[in-house]
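Structure first, commentary second.
The values are calculated or read from the model by the stated rules, or taken from the named source; none is laboratory data. Note that the structure is predicted; figures quoted are calculated from it, not measured. Neighbour counts are summed over all protein chains in view; Cβ atoms, including those assigned to glycine, are modelled from backbone coordinates with ideal geometry. What goes into the accessible areas is simple: the full protein's heavy atoms, side chains included, and nothing from ligands, DNA or RNA. Shrake-Rupley method; radii C 1.70, N 1.55, O 1.52, S 1.80 Å.
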Amino acid sequence: MKLHAFTAAVAAISALLAAPAQAVVVVDDFNTPQNFSSCNFPGFSYQAGDMLYGDRLFSGGCSRPAAGGGITVAGGLASYGAGGISQITINALYDASLPPGSGDAKQAVDLTQAGANDRFAMRIMVSNETRFTLSVASASESASLQLDLPVSAGFVELALPFASFSPASAALWQGVTSVSFQIVDTTVSPGGLFSASGEIDFIRAVPEPGSALLLALGVLGLAARRRAPG
């Protein structure tokens, strides 16, 4: 009986550790190719594919021809670059309007997956310093999180808790109609040089990493208690 109890606990731990993967919401895995140059008007291009809401829109602009930038999506990676002698902005938007421009009501997505998810996860490599902003919006509100990312020698994984976005209510995450990220220079002085480049592997809404482990330890503790003599 003791062996059965311990075996059952191990099986329960395995199930708990495996379960969160089912709650992951892939915002974009960048497996649908698309190129965008921010100074190549009209500057808007929709691309349907295997990502949240089914489409991706790149947009952007520059205030002078001296600035430029773009994003290339291929092979499961988004390579981005921006630079010049004036402000540059590149945006990627995942909008719940399907098909694009149809005028249909936006679809709301519960990024929390009924409470299982509590953060975004990103895998990113930064070649030149990047000011990065991730934003979410519902029909009634929006929130964002701004990060100044340092140069990295390789890919690093970022955990961005929903609670760190400002301002945001719990209801926002349960009815998200769009997610977007932005690479923007807002700090350059007139005549100064700005440059940002890097690669993004994925953007996902995922469970808090410690939850499954804590639950698993709890199950293991119960098993140990049952095995204890007396």
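Quick notes
- Scanning the range 150-179 for residues that are assigned to a strand (DSSP E or B) and open to solvent by 20 Å² or more (accessible area, probe 1.4 Å) returns VAL156, GLU157, LEU158, ALA159, PRO161, SER166.
- A Cβ distance below 8 Å, combined with a sequence gap of six or more or placement on separate chains, defines the contacts here; from the range 147-173, residues that are touching a residue at least 60 places away in the same chain (Cβ under 8 Å) reach residues that are surrounded by 11 or more Cβ atoms within 10 Å (Cβ to Cβ) and part of a loop (DSSP other than H, G, I, E, B) in the pairs TRP173/ASP110; TRP173/LEU111; TRP173/THR112.
- Every residue from the range 115-144 that is without any contact (Cβ under 8 Å) to a residue 40 or more places away in the chain and of a type in the set (A, V, I, L, M): ALA139, ALA143
- Residue in the range 49-64 that is within 19 Å of ALA121 (Cβ to Cβ) and at pLDDT 85 or above present: no
- Close pairs from the range 12-34: first closer than 24 Å to LEU77 by Cα and modelled with pLDDT of 85 or more, partner assigned to a helix (DSSP H, G or I) and open to solvent by less than 60 Å² (accessible area, probe 1.4 Å), Cβ under 8 Å, at least 6 apart: VAL25/LEU52; VAL26/LEU52; VAL27/LEU52; ASP28/LEU52
- In the set (1) modelled with pLDDT under 75; (2) small (Gly, Ala, Ser); (3) open to solvent by 30 Å² or more (accessible area, probe 1.4 Å), SER79 fails one condition alone, (1).
- Note on the range 86-131: residues that are open to solvent by 20 Å² or more (accessible area, probe 1.4 Å), under 13 Å from ILE183 (Cα atoms), part of a strand (DSSP E or B) and at pLDDT 70 or above total 4.
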